[in-house]
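The block underneath contains the structure these notes are about, expressed in structure tokens.
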Amino acid sequence: MQKPISGRRMLIWLAVLLLFVGVISYFIAPDKPEEYPAFVSQSPSPTGVKAIYTSMNKEMDSVERWPFAPEHLPAQEEDQLLIMAEPFFIPDQGKMDDYISFMESGNSILLLKTNPDGMFGLNTTAVEEDTSNEIIHNSTGTDYQAVKSSSVRIEASTEDDVLLHDQAGAIAIKRAYGNGTLIAATAPDWMTNSRILDEDHIPLLQELMQEEKQNWNTIFFDEYMHETGHASSLTNLYPDWILVLGIQAILLTLMWLWLQGKRFGPIVEPREETARFSDERIRALASWYQKGHRYQDSLAIQADYVKQLLQERWGIPYHKNWADIKGELNQRWEKQPNEGVDVFLNGLIDVLHKAHVNKQEYLLWSKKLDRLQKEVEDDEK
């Protein structure tokens, strides 16, 4: 009676020790800096866009984040602006149609993507020369200085309005969709926290956002394109204290099972329970035929077994020779053309009449007989 009691006491002390170590490690562990994806409106990192979102939110009462799918956009309203800052992926056609319906209802989308090729039917052209230090011109002839990190330019159609361009081509265009518009630009870096104050980025962004309206009813920052673009990890889904308790619960469960006498590993069965029903005799015969190079005998036995199957499944008499069953085999062997049946039977008869068969011939005809055997077995009579 002393052993179970001592085992329980040891288990209790181990549980207390593990719990104490986990709690202490949780509180004394240094907090890791939170990692933010790029171009997210909640990110204060240099690649985030929290600065412009906070500034616009202070100046306007109708600036919101939009983390939902595009089919939930309030398309029945008008004069709304949806800002897409460097989407992580190109949505499927159904989602693209929802965005287009949003614009056709009288709203606008500002797409800022380094290479918008493939979105909303946009096409781009690669720029070979370095144009990062050139001046940008708007449609009225005003010049701007800006950082240009994109190596592509938008191919504007005859129905598009070129809003911004440089010597290499169009940087921003406007395209009509029903009662709304699409404004696409290849400069998402202008909105980032680290570059928004550089050069003339703020005037350029204001010009793009105020192209259609001086005052928008609502401005959305599309976070749906960011939240579904990266996979959620276990540490993002659950707080640290839940993870610590979960790990401790797993360790305690393993210890409890170990103290209960449970052992982890393969189950070894006694030989006498399996030897009677094993195929050791068949393996021994196969090894004997292989080591003795008795390929001719093995092939003859296999062909005889296949002929028995032909009688059981297809009704082809067993006592007939292979040459005499050509007609019946042509009728039942549907997956093999008549010419193929003739070639098969002639080759099989020749190899069965040989005094010696080499290993290559044996493997070849054994596979052919296996194929015929499988088709006979699979065919429902």
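Read the figures in this text as sums done on the coordinates, not as results from a lab. It should be emphasised that the depicted structure is a prediction, and the values quoted were computed from it without experimental measurement. A quick note on method: Cβ atoms are made from the backbone with ideal geometry, for glycine too, and the neighbour counts reach across all protein chains shown.
Remarks
- Sorting the segments 105-113, 247-255, 119-127 by their residues' average number of neighbouring beta-carbon atoms within 10 angstrom, most packed first, yields 105-113, 119-127, 247-255.
- Separation of the alpha carbons by more than 23 angstrom is noted, of K50/K148; K326/K368; K291/K367; K307/K374; K50/K174, for K50/K174.
- Gain in span if fully extended, A249 to R65, counting 0.36 nm per residue against the direct Cα distance: 62.4 nm
- Relative contact order for the range 50-227: 31 percent, from Cα pairs under 8 Å spaced at least 6 residues apart, divided by residue count.
- Low-density loop positions, GluC sites (Glu not before Pro), the range 81-144 - DSSP coil, at most 13 other Cβ in 10 Å: E128, E129
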